[in-house]
Structures are given as structure tokens and as C-alpha cells.
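Quick notes on the structure that follows.
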Amino acid sequence: LAIEITTELKNVRFTDAIEWLIHDPEPGVKKSAIIAACKLKTSKLLPFIIKLLNRPSEKYLALQGLQHYGDDLFLHLKDIPEEDQQNNASDFIKLAGKTKGNHSTNYLLARLIEETSPTENIVHALWTKDYEPGSSKEVEELNGLLENFLLKGNEKINDFYEVPDFKENNLVKNSIESEVKNDLISAL
């Protein structure tokens with residue numbers, strides 16, 4: 001009840017009270033407090049909520065709450081330590097794909113430029129958002145990615161036909177075929 005009232009009073013910040021309730025041992029209270037903190041976009045509590053992503057028992061609660069944070073999450077991520085951003089990059093990419101707004105789109109585009117990011121997941125998230133490139137630079141980068149996916153697919157097709165005959169031949173061929181399909185899906 002306290003959390004519901006706190007969420008309704010958007011002009012008055014009860015950050016300390018919400019933080020206290022996030023530590024409550026009762027899962028329902030903890031969940032409500034996390035969602036309230038995210039709905040209110042309480043950036044002070046964001047680092048703590050992101051740390052919950054590293055705890056398997058609380059990861060789902062944190063992801064549910066972060067969905068309520070909305071597009072501003074990707075603006076406030078700049079204030080989070082780089083290590084926490086890298087450790088949870090795949091979760092943030094999935095969230096960005098489900099979030100409407102420019103900040104989440106810009107986050108995905110910035111990740112796309114980085115070589116260490118899982119490109120297929122980012123491309124899929126952008127596709128989910130119905131993203132269309134706005135500048136010639138973005139078009140050029142996406143065309144480069146398309147060429148890369150198609151090149152990888154061609155290399156794997158060549159590998160498929162060069163697999164020698166041995167006991168596990170079909171297993172290897174099926175794996176390569178699956179990889180080719182993934183490259184094709186990403187390219188499309």
C-alpha cells in the first residue's frame with residue numbers, strides 16, 4: 001500500500017523509503033518497490049537495480065522493473081559504471097528492442113558500432129523497433145553489416161560442401177546449415 005501511494009505521488013520523492021522496501025525479504029514487496037522506483041525513474045536507485053541483474057534469483061524482478069523505466073533508462077545508463085553495462089549488455093539490448101523512443105534506438109546504434117557486441121541481437125532489436133536509418137552514415141553502416149552477414153553465409157555454404165565423410169558428418173552439416181540460416185535471417 002505504501003508503494004502504491006508513493007508511486008501516485010510523483011512530485012514527492014520517497015527514494016529512501018523505496019530503497020528500504022527494495023531490501024524487504026518478501027518477494028512481492030521487493031517487486032513492487034523495484035517497479036515503483038523504475039516508474040518514478042529514480043536514477044539514484046538504478047545502480048542497485050542493475051546489480052540485481054547479476055543475481056539469478058532476482059534477475060527477473062529487475063528486468064520487470066527496468067521495463068517500466070522506459071526510454072529514459074538508456075539515457076541514464078551513461079551514469080552506470082562501464083563494467084555493469086558490459087556485464088548486462090545482452091539484457092539491455094533486449095530491453096532496448098522492446099522500448100519505444102530515441103534513447104533506446106541510439107543505444108542500439110552505439111552498440112552496433114562496437115565490435116564486441118552481439119551484432120545479430122542488436123540487428124534483431126532494431127528490426128523489432130521498426131527502425132529505419134535516418135542518415136547516410138547509418139545506411140552505410142547497415143549496408144556494411146548486410147555485406148558481412150552475406151559474406152559469412154557464403155563462407156559457411158562453402159564449408160558445408162567441404163565437410164569430409166566421417167561418422168558425425170550429418171551433425172556437422174546440420175550445424176553449418178543452421179549457422180547459414182541464422183546469417184540469412186539476420187541479413188533479411
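If only residues of region 128-168 that are in contact with a Leu (Cβ under 9 Å, 6 or more places away or on another chain) and among the hydrophobic types (A, V, I, L, M, F, W, C) are counted, the one that is farthest from TYR107 (Cα to Cα) is LEU150. With respect to the numbered conditions (1) at pLDDT below 85; (2) farther than 28 Å from LEU45 by Cα; (3) of a type in the set (Asp, Glu), which one is the sole condition not fulfilled by GLU114? Here GLU114 clears every test but (2). Among residues of region 82-98 that are closer than 16 Å to LYS51 by Cβ, those with a Cβ under 7 angstrom from a residue that is small (Gly, Ala, Ser) and at pLDDT below 90, sequence gap 6+ or separate chain, pair up as ALA89/SER117. The set of residues in region 108-128 that are open to solvent by less than 50 Å² (accessible area, probe 1.4 Å), within 27 Å of LYS51 (Cβ to Cβ) and in contact with a helix residue (DSSP H, G or I) (Cβ under 6 Å, 6 or more places away or on another chain) comprises LEU108, ARG111, LEU112, SER117, ILE122, ALA125. Only one of the numbered conditions (1) open to solvent by less than 40 Å² (accessible area, probe 1.4 Å); (2) closer than 22 Å to ASN182 by Cβ is not met by THR105, and that is (2). Do we have LEU77 as part of a helix (DSSP H, G or I) and modelled with pLDDT of 90 or more here? It is true that LEU77 is part of a helix (DSSP H, G or I) and modelled with pLDDT of 90 or more. Here LEU95 meets each of (1) open to solvent by 20 Å² or more (accessible area, probe 1.4 Å); (2) modelled with pLDDT of 90 or more with one exception, condition (1). Does GLU120 meet the test of being more than 24 Å from ALA36 (Cα to Cα) and under 15 Å from the mean Cα position of the chain (by Cα)? The answer is yes for GLU120.
The condition (being open to solvent by less than 80 Å² (accessible area, probe 1.4 Å), on the phi < 0 side of the Ramachandran plot and out of contact with any Gly (no Cβ under 9 Å at 6 or more places or on another chain)) is satisfied by just one residue among GLU162, GLU138: GLU138. Taking helices (runs of 4 or more DSSP H) as the structural unit, those lying wholly within region 92-188 and holding at least 3 residues that are acidic (Asp, Glu) correspond to 136-161, 169-187. Determine if region 19-28 includes at least one residue that is modelled with pLDDT of 75 or more, closer than 19 Å to TYR69 by Cβ and not β-branched (Val, Ile, Thr). Yes - at least one qualifying residue is present in region 19-28.
The values are calculated or read from the model by the stated rules, or taken from the named source; none is laboratory data. Note that the structure is predicted; figures quoted are calculated from it, not measured. Neighbour counts are summed over all protein chains in view; Cβ atoms, including those assigned to glycine, are modelled from backbone coordinates with ideal geometry. Quick note on the areas: whole protein, heavy atoms, side chains included, nothing else; ligands and nucleic acids left out. Shrake-Rupley method; radii C 1.70, N 1.55, O 1.52, S 1.80 Å.
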